[in-house]
Each structure stands twice: as C-alpha cells, then as structure tokens.
Amino acid sequence: MHALARLPLFLSLTGFTSVAMLLPAGYALAIEEFHDARSFFYGAVIGLVLTALVAIAMSNRAHNTSALRQLLALAAAFVFIPVFMAIPFQEAVRTTTFASAYFEMVSSFTTTGATLFDPARLSGPEHLWRSEVGWFGGMLMWIAASAIMAPLALGGFEVTASGEPGQAILSGAAASEVSDPQQRLWRSVEALVPLYIGLTLALSVMLLVAGDPPLIALTHAMAVMSTSGISPLGGVEGAPSGMWGEVILFLFLAFAFSRQTFSNDTRHERGLWYDPEFRLGLLLVLVVPFALFLRHWIAAFEVGEEQDWIAGFRALWGGLFTAANFLTTNGFVSAEWDTAQGWSGLSTPGIILMGLALLGGGVATTAGGVKLLRVYALYLNGTREIERLVHPSSVGGAGLLGRRLRKEGAFIAWVFFMLFAVILAVLTMILGLYGLSFEHATVLTIATLANTGPLISVAPEAAIDLNAHVWHAKVLLCAAMVLGRLELLAVIVMLSPDSWRS
C-alpha cells in the first residue's frame, strides 16, 4: 500500500482500472463468451504492463505533493481514463464506433448512466463492465470528497467552510489533518473503500434473497451505491425481485442523502437526524410523491376509481421510489410509476423529475446536482431576511455555523446557482444549434449537468435518440457530464492557480 501511495494519482487510477477489467473477463469466460473474455483480459494485461513500466520510470520522483495536483489528476481521470475503458468495450461490442464507446464510458464513470445501447444489444460481461465503471466512479467520488474536496472547500463544502473555495480552513477532522496530501488520500482509501465494497456486497445479497439473478443483483447494487442508474434490464421495472427489491434499493438510497449516513470524517454533527441535508431530502421525498398522489386521487373521482385503494397504494409507492431515485440522481423508475397514470388517467409531468435531479443529493456523496446543503443555506438566508423585515432589530441565533450558513454560505451557494444557470443556458443554446427542440435540449443539459442520464428517456414525452447525433455533439455531452461531476467551482480553482493556497 505504501508503494501504491507513492504513485501519481492518475497512474494509480489507471492501474485499478486495468485490474477491474479482470472481473468481466472472468465472467465472460465462465459463460463461454470467449470474445468478450479476450477483449477485457487483453485490456487488463496491456494496462497493467504499461502502468508498471511508467511506475518504474517515475519511482524516483515525488508525487501527490499538493492538493492542486490531486485535483488536476482527478479532472484528467474523468477525461482520459474513459479512453482506456472504451478500448476493450468497443472491441467486445464490435458494432459501435469509438466515439459511442467513449461516450458510454464517460457516462458510466461520471455516474450519469446515459446510454446509447439498447439492453438487448449488449452481453452480460459488457453490462457488467458498464456497471463496474459506474461503481468505480462512485467510489472515486467518496474518496475525493474527503481527501481532496473537503480540505479545499469545494464540492459543497465551501458552504460551511471558514474561507474561500480553494483557500479554506475547515473545522473538524479535515482541519486537524496535519499529514501531507498523499497520506490524507490513502487514509481516505483505507477508511472508505472497505465500507463501500461491504455495502455493495450486502445489498447484492439482499437482492439475491429477494429473487434477482446474480448479474442483476450485483449490477443494481452497484448502480444504487454509485447512483449511476445502470441496469442490464434498462431499469428495475422488469427485475424478478419486484416490489421487495425496490424496497431494499430504496433503503440504500439513504447513503446518497447525506455523508453522515456512512462517515463523519469531514463534519461533526449531533446525529443523522440533525443533519439538514438528510432532513431536507427526507422532506422532499415525502412531500413530492404525496402531492402527486393527491393530484391523481382527485382526478380518480372523475373516472370513478377513487375507491381502488390497492391501485392508490401502488401509485403512492411508485411516486416515493421514483422521487427518491431522481433526487439522489440515480434515476431508477418504479414498476408502479405508470400505475398512477392508469388509476387517474393523468400523466406525471417530467419537469418534476428534472427539478428533483437538479436539486441532487448530499454533499460528498455519489449524487450529482447542486446539492441539498446549498439549497438549505439559501432557505436559511431567506427565512432570516423575512424575519428581519418583520422584526428589523432582531438578532439571528443558531450559533457560529448557523450564521456562517445564512451569510457567507448562502452567498457562495447563490454564486454557484448563478454559474450553474448560466452554464445550463449556454449548453441548451448550443444543443439547439444541432437541431434539437427546446424541450430535448433542456432535458439533455439537465441530465448531463446533474449526472442523471435516465432523465433522457423519462422526462420528455418522446425519448431522445442519442445515436442520431454526430460525434462532436456526443463529445459536448461528455464535457457537460465531466463538468457536472467536478462542479464549476473546482474548474475555476484549477484555471486560477495564482489564487491557490495549499
């Protein structure tokens, strides 16, 4: 482990990617898909050999000595490692272009989950590789959040930090960390990777017990833990585990609401219930489905189905499960999602799912979006301003952290929202130049920036055919996915090294 810690971060990620190819290669060999087995095995061997040669050549240099280099390596990983991931995938599929394979790997690695392929077109090992890439990307974000983003007040931590993004001094464990960036990174690996693997295996076993075959159980477990929404079935609607499987997946989505559900390495709280992100996420997951349920229930009176309580319960569950999935940017749709439409005759507007995906999950989780903590900071600021209108001489309480959230935290959250809105508008206009309608351009922009790929097929009235677009349009969408995963503030810090203070 010490030898691995001395390698450049980008090179370490390349080596781990090479090792990861052995899993689909072994699975392909077991089911006698020999072409897939050779494609992934040769990719693993070539990758490991090249990684070893470069590691030997660079072994006499110091690496990972600054947080800026780690952040740059993280950005480079999301852009260039999918090139390596796409080579065996394209070779295995055989009937696709490299641009499409690269798009698929970027989408998986950024946990977006948008796909160009019909599920029936890919083999089991190819589906497993997509899921594993998404799972690896989610694990990378867990590690990067505590080892890179938190000490630099990026990725949502700037809302509670005591300084500016890229220059902050954090409280808690991050501030007391006196080791160099290299040691901090590998301490996070040792603490979080076993937990991430253990939770994935536990969820897989539960889905197996519920009735899912091994491949479906493992890929759906990887999808939920990484919030990638990748499924060999195209979703959970056709999973053999049925509603019990959805209940199990619903419970594990809690890890995307707040980092306090699995770690306290970046912020000290009194408990999970007092975590504002968890409480706000729980409120949204309850309020939105119940509002939709009341809308459908009122409409059911017009068709005489208001007393069909079984259909009503199934419609309510479909709303709960789907709302939680899109708020955490996972994107699974419940098998009961269409029950509400059949019960009342009304369709559910896709803009609601787009709004949930934009809000996103918790800071330092695998979820995308603008993050619940930023929304909470703006809420505190708004309530305080209203209070001052009623009582101009009042003094705000809630301690030092509360005042920080209401003032500096709300200000930087508002700046982030404005930057996000500008990027959203620019990308929508650019996609419009490719001949997309306003609806489709907006859906594609939100889906990529919020890393919620299933929106592409669920939100619009007619699913968007990504294969119909030229290769440079796909590259533009890849850039949007990487930007959404890293967040714009981190990109600004990388582009302005003069303002950097490590």
Filter result for ALA479 (under 22 Å from PHE420 (Cβ atoms), hydrophobic (A, V, I, L, M, F, W, C) and surrounded by fewer than 15 Cβ atoms within 10 Å (Cβ to Cβ)): yes
Verdict on GLU461 being within 22 Å of ILE412 (Cα to Cα) and of a type in the set (D, E, K, R): no
Subset of the stretch 94-111 [surrounded by 17 or more Cβ atoms within 10 Å (Cβ to Cβ) and either touching a residue at least 60 places away in the same chain (Cβ under 8 Å) or touching a Leu at 6+ places or on another chain (Cβ under 7 Å) (or both)]: ALA99, SER100, TYR102, PHE103, GLU104, VAL106, SER107, SER108, THR110, THR111
Cβ-Cβ under 6 Å pairs, at least 6 apart or on other chains, the stretch 349-369 side of a type in the set (S, T, N, Q), far side buried (at least 24 other Cβ atoms within 10 Å of the Cβ) and part of a loop (DSSP other than H, G, I, E, B): THR366/THR111; THR366/THR227
Helices (runs of 4 or more DSSP H) (entirely within the stretch 388-478) containing at least 3 residues that are within 30 Å of SER100 (Cα to Cα): 410-433, 438-449, 455-458
Index of the failed condition, PHE40 passing every other in (1) out of contact with any Phe, Trp or Tyr (no Cβ under 8 Å at 6 or more places or on another chain); (2) under 26 Å from ILE143 (Cβ atoms): (1)
From the options ALA73, ALA44, ALA114, ALA86, residue that is surrounded by 18 or more Cβ atoms within 10 Å (Cβ to Cβ), under 27 Å from the mean Cα position of the chain (by Cα), modelled with pLDDT of 90 or more and not in a helix (DSSP H, G or I): ALA114
Selection within the stretch 330-359 - under 20 Å from ALA239 (Cα atoms) and modelled with pLDDT of 90 or more: ASN330, GLY331, PHE332, VAL333, SER334
Among residues of the stretch 153-211, those that are β-branched (Val, Ile, Thr), under 28 Å from ARG6 (Cβ atoms) and at pLDDT below 80, counted: 2
Given (1) closer than 15 Å to ILE352 by Cα; (2) modelled with pLDDT of 80 or more; (3) among the basic types (Lys, Arg), index of the condition ARG295 fails: (2)
Residue within the stretch 110-122 that is more than 26 Å from ALA144 (Cα to Cα) and of a type in the set (Val, Ile, Thr) present: no
Looking only at the stretch 379-410, and only at residues there that are exposed (fewer than 12 other Cβ atoms within 10 Å of the Cβ) and hydrophobic (A, V, I, L, M, F, W, C), the one that is modelled with the lowest pLDDT: LEU400
Answer residue from the stretch 19-39, given it is touching a residue at least 40 places away in the same chain (Cβ under 8 Å) and closer than 23 Å to ALA76 by Cβ and is farthest from the chain's Cα centre (by Cα) among those: MET21
Answer from LEU444, LEU419, LEU424 - the residue that is in contact (Cβ under 8 Å) with a residue 12 or more places away in the chain, within 21 Å of the chain's Cα centre (by Cα) and under 30 Å from THR95 (Cβ atoms): LEU444
Cβ pairs under 6 Å, 6+ apart, first in the stretch 307-335 and without any contact (Cβ under 8 Å) to a residue 60 or more places away in the chain, second assigned to a loop (DSSP other than H, G, I, E, B) and of a type outside the set (A, V, I, L, M, F, W, C): ARG314/GLU336; GLY318/SER334; GLY318/GLU336; THR322/SER334
When residues of the stretch 217-246 are limited to those that are touching a His at 6+ places or on another chain (Cβ under 9 Å) and among the polar types (S, T, N, Q), the one nearest to THR112 (Cα to Cα): SER231
Identity of the residue in the stretch 89-111, over 12 Å from the mean Cα position of the chain (by Cα) and among the small types (Gly, Ala, Ser), that ends up farthest from ILE464 (Cα to Cα): ALA92
Residue within the stretch 123-135 that is modelled with pLDDT of 95 or more, within 24 Å of MET21 (Cα to Cα), more than 22 Å from the chain's Cα centre (by Cα) and surrounded by 21 or more Cβ atoms within 10 Å (Cβ to Cβ) present: yes
Single unsatisfied condition, ALA221 versus (1) surrounded by 24 or more Cβ atoms within 10 Å (Cβ to Cβ); (2) among the hydrophobic types (A, V, I, L, M, F, W, C); (3) part of a loop (DSSP other than H, G, I, E, B): (3)
Subset of the stretch 58-70 [assigned to a helix (DSSP H, G or I) and out of contact with any helix residue (DSSP H, G or I) (no Cβ under 7 Å at 6 or more places or on another chain)]: ARG69
Given (1) over 18 Å from LEU358 (Cβ atoms); (2) more than 18 Å from the chain's Cα centre (by Cα); (3) not aliphatic (A, V, I, L, M), index of the condition CYS478 fails: (2)
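The values are calculated or read from the model by the stated rules, or taken from the named source; none is laboratory data. Computed from a prediction, not measured in an experiment: that's the story for all the values here. Because the Cβ atoms are built from the backbone with ideal geometry, glycine has one as well, and the counts that use them run over all protein chains shown.
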